[in-house]
């Protein structure tokens, strides 16, 4: 049985969509879906939502939820990362600070000075995830859905299979 770890599972839009896509593959319908988030309330909501997808689809998949990243990663075959380092309260400054200096950015998560701000918050967290993966699931495939995509997907890793599909997730389904 395949184990798929979702790091940042509280990112419910991505988590639900990815779970729905994943479970349509016959080889993955009985996967263990290990959900992990640092926010217990969002994690519980994600767990209930994913369990509902499993139940309504009559999939033999198993849903686990944990606040412990190491627990979610242990023995994972695939790791999907959908984190937002710093939370939404911080994200607004990625847009507001550059705007004070004449740089008007409508979405501050992928490029320009706003993307750099976000990368500076996110890359250290991504490095921690990669380090944990080296210990708990060294043979896992890492798929990063976290922006800014290019800086976060070019972190040196020991894996050949490391991709950042983000908005192109439909191409992987």
Unmet requirement for residue 63, which otherwise passes all of (1) assigned to a helix (DSSP H, G or I); (2) in contact with a strand residue (DSSP E or B) (Cβ under 9 Å, 6 or more places away or on another chain): (1)
Top-ranked residue in the range 83-133 [being assigned to a loop (DSSP other than H, G, I, E, B) and on the phi > 0 side of the Ramachandran plot; ranked as surrounded by the most Cβ atoms within 10 Å (Cβ to Cβ)]: 86
Residue ID - nearest to residue 102 (Cα to Cα), chosen from residues in the range 134-152 that are surrounded by fewer than 18 Cβ atoms within 10 Å (Cβ to Cβ) and at pLDDT 70 or above: 141
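Would you call residue 40 at pLDDT 95 or above and surrounded by 13 or more Cβ atoms within 10 Å (Cβ to Cβ)? Give the steps one after another, and end with the answer.
Values: at pLDDT 95 or above: yes; surrounded by 13 or more Cβ atoms within 10 Å (Cβ to Cβ): no.
Answer is no for this residue.
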Residues of the range 1-45 that turn out to be touching a residue at least 40 places away in the same chain (Cβ under 8 Å) and in a helix (DSSP H, G or I), as a count: 5
Residues of the range 75-106 that turn out to be within 27 Å of residue 40 (Cα to Cα) and more than 16 Å from the chain's Cα centre (by Cα), as a count: 7
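Against the condition closer than 29 Å to residue 64 by Cβ, modelled with pLDDT under 75 and either under 19 Å from the mean Cα position of the chain (by Cα) or in a strand (DSSP E or B) (or both), how does residue 155 come out, does it pass?
Working: closer than 29 Å to residue 64 by Cβ: yes; modelled with pLDDT under 75: yes; either under 19 Å from the mean Cα position of the chain (by Cα) or in a strand (DSSP E or B) (or both): yes.
Spelling it out, residue 155 is indeed closer than 29 Å to residue 64 by Cβ, modelled with pLDDT under 75 and either under 19 Å from the mean Cα position of the chain (by Cα) or in a strand (DSSP E or B) (or both).
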Single match in 69, 52, 20 (criterion: touching a helix residue (DSSP H, G or I) at 6+ places or on another chain (Cβ under 7 Å) and farther than 16 Å from residue 132 by Cβ): 20
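The values are calculated or read from the model by the stated rules, or taken from the named source; none is laboratory data. These numbers come from a predicted model, not from an experiment. Neighbour counts run over all protein chains shown; Cβ positions are idealised from the backbone, glycine included.
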